[in-house]
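I have placed the structure first, in the form of structure tokens, so that the comments after it can refer back to it.
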Amino acid sequence: YDKVSDLHTELYKGPAAAMANPLAAFTLIKRLHSEWQNVVNSNEALENSQGWLTAFFTDTSDLQGAAKGLMRLQDVYALQVASLVRGRFQRVTDGRPTDVYLSTVSVPLSGDDCFLVGKVAYEQEDYYHSVQWLEESVRLFRGTGGEWSPENEGTLEDALDHLAFSHFKVGGRTLGKYPMNGRVLQNIEKYEKLLVSSPPISMIVDGLKRPTSNHLRTRDTYERLCQTQGSKPMQFKNPKLFCDYFTNGNPQLLLLPVRREVLSLQPYVVVYHNFITDTEAEDIKRTSHPGLKRSVVAAGEKQATAEYRISKSAWLKGSAHSTVGKLDHKISMLTGLNVKHPYGEYLQVVNYGIGGHYEPHFDHSPSSPVFKLKTGNRVATFMIYLSSVEAGGSTAFIYANFSVPKAAIFWWNLHRNGQGDADTLHAGCPVLIGDKWVANKWIHEHGQEFQHRCSLNPEE
Ligand SMILES: O=C(O)CCC(=O)C(=O)O
Ligand SMILES: [Fe+2]
């Protein structure tokens, strides 16, 4: 009863408040998924309100996604698992744990919470993570006397079982004398002995080597930019980088010029500050709500979900709300480009949840023109932050060596000869704390013939 009451209190505070902290989000999702199931299956519920109670169910993929999200945050922000389970966000620098973010509320994890994360890793044969999370799970389960409680999915024995096998996989130790075929190792004492005969736990974790990524060549740069924001180019180093009040010669912007900051010339990236008001951002978020679906990426001719892009998104036509039309108009005034459909795509609103991210990618297609609109490739991107993120979640430009945590960002994706600009490789870092919303306006080659000169020079 207490747990269900707690759950309600958290939900009444509003999902945004409850979900801002990834540990709170994870435990809430887990509770909705497994502990709530116990309530539904209880005798009391069976007698009366089961139908109503099941309405709150979350999917197994939600729970797995949340666990993967935690591990992603651990990796990208180099967070210590031992700190995470105590509700802290810390990374080891110069041998000492330092706070990456100081949370006002701390949400400690239970042995069963850690078991779940470890098990998700284990099932993906990701023993680097499973060892770390199962170590914590075993420690916490032991701390509570190893007693099973009805809302737990796992037991100390389960955790030891998975941990022993994970140790075996990462350490390459031969456990020949133990029968390792699947779940044969049932005996808790045997596991305890197994662990004692292994090197001390902390040594193993320190010596654990994170596997190199075979799909993300720029992983190190990407993670550094997410952690530090990189080094923003300085005007004194290049006088062509500047700030001004910008009207683009447009009388409609004369009374309220936009604060422009030219951040980089190669690739060409401009930031517009205070581009959108809070009310306008709320209009866009609210209007997009009913249409939000898991984001997809191009996969050959088709579109598919992908681990490298975790978010929800929706497309808004200019007519969806007067604010959408107003933003289209303002983008057009600032860029001088034709953003009318089909020369500009509809506004794509994106929401990132727990550990949501978009790994390094290009917005343009490498083999132009494949876009459905038949209006050429995406020549430019205008991306607007609709919320500020408390920690993490900035937009990283891998080769330009900086990341931007808010504002509206404009960049050219193509050279003037129509070739893709490889320097535009960029990413949305995982959200550590908060709720990230952005809106993308992609502008195509066609329709810009009189606004954006082309050239044969591949450098321009
Ligand atoms: O969310 C971000 O910061 C980047 C988003 C992005 O690059 C995209 O949606 O194409
Ligand atoms: Fe992008």
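The values are calculated or read from the model by the stated rules, or taken from the named source; none is laboratory data. These numbers come from a predicted model, not from an experiment. Every residue, glycine as well, gets a Cβ built from its backbone with ideal geometry; the counts of neighbours run over all protein chains shown.
Structure notes:
- One residue stands out in the range 380-414 among those that are touching a His at 6+ places or on another chain (Cβ under 7 Å) and more than 9 Å from ligand 1 (Cβ to nearest atom): the one that is farthest from His426 (Cα to Cα), namely Ala407.
- Hits in the range 385-405 - residues which are buried (at least 18 other Cβ atoms within 10 Å of the Cβ) and in a loop (DSSP other than H, G, I, E, B): Leu386, Ser387, Val389, Gly393, Ser394, Ile398, Ala400
- Failed condition for Asp363, given (1) within 16 Å of ligand 2 (Cβ to nearest atom); (2) surrounded by fewer than 22 Cβ atoms within 10 Å (Cβ to Cβ); (3) modelled with pLDDT under 95: (3)
- Where Gly336 falls short, out of the listed (1) without any contact (Cβ under 8 Å) to a residue 24 or more places away in the chain; (2) surrounded by fewer than 18 Cβ atoms within 10 Å (Cβ to Cβ); (3) away from ligand 2 (no atom under 14 Å from the Cβ): (1)
- Residue that is farthest from ligand 1 (Cβ to nearest atom) [pool: residues in the range 426-460 that are buried (at least 21 other Cβ atoms within 10 Å of the Cβ) and outside any strand (DSSP E or B)]: Gln448
- Flag if Lys317 is among the charged types (D, E, K, R), away from ligand 1 (no atom under 16 Å from the Cβ) and more than 27 Å from the chain's Cα centre (by Cα): no
- Which listed residue, of Lys340, Lys326, is assigned by TED's automatic domain parsing to the domain that holds Ala298, at pLDDT 95 or above and more than 30 Å from Met19 (Cβ to Cβ): Lys340
- From the list Lys293, Lys285, Lys312, the one residue that fits, being surrounded by fewer than 19 Cβ atoms within 10 Å (Cβ to Cβ), within 23 Å of the chain's Cα centre (by Cα), without any contact (Cβ under 8 Å) to a residue 24 or more places away in the chain and more than 24 Å from Ala422 (Cα to Cα), is Lys293.
- In the set (1) within 13 Å of ligand 1 (Cβ to nearest atom); (2) part of a loop (DSSP other than H, G, I, E, B); (3) closer than 24 Å to Gln74 by Cα, Pro360 fails one condition alone, (2).
- Selection within the range 422-460: residues that are of a type in the set (A, V, I, L, M) and more than 16 Å from ligand 2 (Cβ to nearest atom). The member of this set that is nearest to Ile398 (Cα to Cα) is Leu432.
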